[in-house]
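Note sheet for the following structure.
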Amino acid sequence: MVHWTDHERHAITTLWAKVNVEEVGAQALVRLLVVYPWTQRYFASFGNISNAAAIAGNAKVHAHGKTVLKSVGDAIAHMDDLSHAFTKLSKFHSETLHVDPDNFKHFGDCLSIVLAATFGTAYTPDVHAAWQKMIAVIISALSKQYH
Amino acid sequence: MPLTDADKNHVRSIWSKASGKAEELGAQALARMLEAFPNTKTYFSHYSDLSVKSGQVHVHGKKIIDALTDAVNHIDDITGAMSALSTKHAHTLRVDPANFKTLSHTILVVLAIYFPADFTPEVHLAIDKFLAEVSYALAEKYR
């Protein structure tokens, strides 16, 4: 069980309420595929992701970015018991998708950066810190069922 | 993963804006690292204030950005440019090199905040590679 301060809860949920899930999700996934190109190995079925422009314009990348960000929303809704809530999703990443959990950190970094670019100075150091903690908790929950 | 010519141009381009705001960007990156990744506070136990308002954080943050500007200006020989700083980190400061990645991340976050239009995915990639090279050069003398 993670301990959240009231300040952290407020910082996370207040910012989340302003997030355009489709936009932020797409941008984060685009950055993952551009900045860490080896992650493209998991998206062979997405069509043309051969360069930054292709990735940015790819409809499947956009759609999947939205899917991933929706899960981040679920995580926030279950932030007090995330390991349990994400059991199935963790198993899915391990046993079906076979994603190296190191990549969760890369996505988390991209998400933090997209939030920074979107919200600018409103992404204050304390809000940023709360979100890094949320991201770390998500990564831990997603990694939990790997064996 | 060496820097391509395109990477170097991206780095120079965004850094030409960043270098002029060295103190502000440096203070932000350092303060964010200290707040979001508390293990890094262990290296600053001698600071009375670790927030973004701290004079000590401002002075040190500026030093960091200025050192990176030097690396940008010697982008074809980052190892050479970082040599003295590598010795200092290895023998005097003895910062665990894992933390270089942490500070690199908060530098990226700060670039995204201050230059959202310039910090495109390609520029993000280029700076990430550049900071990885700087980090490697900084750790060269460790053992």
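The values are calculated or read from the model by the stated rules, or taken from the named source; none is laboratory data. None of the values given here were measured: they were computed from a predicted structure. Cβ atoms come from the backbone with ideal geometry, glycine included; neighbour counts cover every protein chain shown. For accessibility, only protein heavy atoms count, side chains too; no ligands or nucleic acids. Shrake-Rupley method; radii C 1.70, N 1.55, O 1.52, S 1.80 Å.
Name the pairs whose Cβ atoms lie under 7 Å apart, with the first residue in segment A:55-68 and more than 19 Å from A:Y36 (Cβ to Cβ), the second open to solvent by 50 Å² or more (accessible area, probe 1.4 Å) and not basic (K, R), and 6 or more positions between them or separate chains?
As it stands, the answer is A:K66/A:E22, since those pairs meet every condition given.
So B:K53 ticks every box in (1) open to solvent by less than 80 Å² (accessible area, probe 1.4 Å); (2) within 14 Å of chain A (Cβ to nearest Cβ) but one. Which box is left unticked?
B:K53 satisfies all of (1) open to solvent by less than 80 Å² (accessible area, probe 1.4 Å); (2) within 14 Å of chain A (Cβ to nearest Cβ) except (1).
For A:Y123, all conditions in the list (1) at the interface with another protein chain (Cβ under 8 Å from one of its Cβ atoms); (2) in contact with a Phe, Trp or Tyr (Cβ under 7 Å, 6 or more places away or on another chain) hold save one; what is the number of the exception?
Answer for A:Y123: the failing condition is (2).
Filter segment B:110-122 for residues that are more than 7 Å from chain A (Cβ to nearest Cβ) and open to solvent by 10 Å² or more (accessible area, probe 1.4 Å); which is farthest from the chain's Cα centre (by Cα)?
Once the filter is applied, the top-ranked residue is B:A117.
Exactly one condition in (1) surrounded by fewer than 19 Cβ atoms within 10 Å (Cβ to Cβ); (2) in contact with a helix residue (DSSP H, G or I) (Cβ under 7 Å, 6 or more places away or on another chain); (3) within 14 Å of another protein chain (Cβ to nearest Cβ) is not met by A:I55; state its number.
Looking at each condition in turn, A:I55 falls short on (1).
The rows are residues; the columns are (1) over 16 Å from the mean Cα position of the chain (by Cα); (2) under 25 Å from B:A126 (Cα atoms); (3) within 14 Å of chain B (Cβ to nearest Cβ).
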residue	(1), (2), (3)
A:M1	yes, no, no
A:R9	yes, no, no
A:A26	no, yes, yes
A:V35	no, yes, yes
A:T39	no, yes, yes
A:F46	yes, yes, no
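One line per residue, one yes/no per condition, for (1) open to solvent by less than 20 Å² (accessible area, probe 1.4 Å); (2) assigned to a loop (DSSP other than H, G, I, E, B); (3) under 30 Å from B:L30 (Cα atoms); (4) in contact with an Asp or Glu (Cβ under 9 Å, 6 or more places away or on another chain):
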{"residue": "A:L29", "(1), (2), (3), (4)": "yes, no, yes, no"}
{"residue": "A:Q40", "(1), (2), (3), (4)": "no, no, no, no"}
{"residue": "A:K91", "(1), (2), (3), (4)": "no, no, no, no"}
{"residue": "A:N103", "(1), (2), (3), (4)": "yes, no, yes, no"}
{"residue": "A:H106", "(1), (2), (3), (4)": "no, no, yes, no"}
{"residue": "A:M134", "(1), (2), (3), (4)": "yes, no, yes, yes"}
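Within 14 Å of chain A (Cβ to nearest Cβ), assigned to a helix (DSSP H, G or I) and in contact with a Gly (Cβ under 9 Å, 6 or more places away or on another chain): is that true of B:A22 in this structure?
Here the answer is no, as B:A22 does not meet what is asked.
Look at segment B:79-109 and say how many of its residues are under 22 Å from A:A52 (Cβ atoms) and either modelled with pLDDT under 95 or within 10 Å of chain A (Cβ to nearest Cβ) (or both).
4
Being of a type outside the set (S, T, Y), more than 14 Å from chain B (Cβ to nearest Cβ) and open to solvent by less than 50 Å² (accessible area, probe 1.4 Å) narrows it down to one of A:L15, A:L69, so name that one.
That would be A:L69, the only listed residue that is of a type outside the set (S, T, Y), more than 14 Å from chain B (Cβ to nearest Cβ) and open to solvent by less than 50 Å² (accessible area, probe 1.4 Å).
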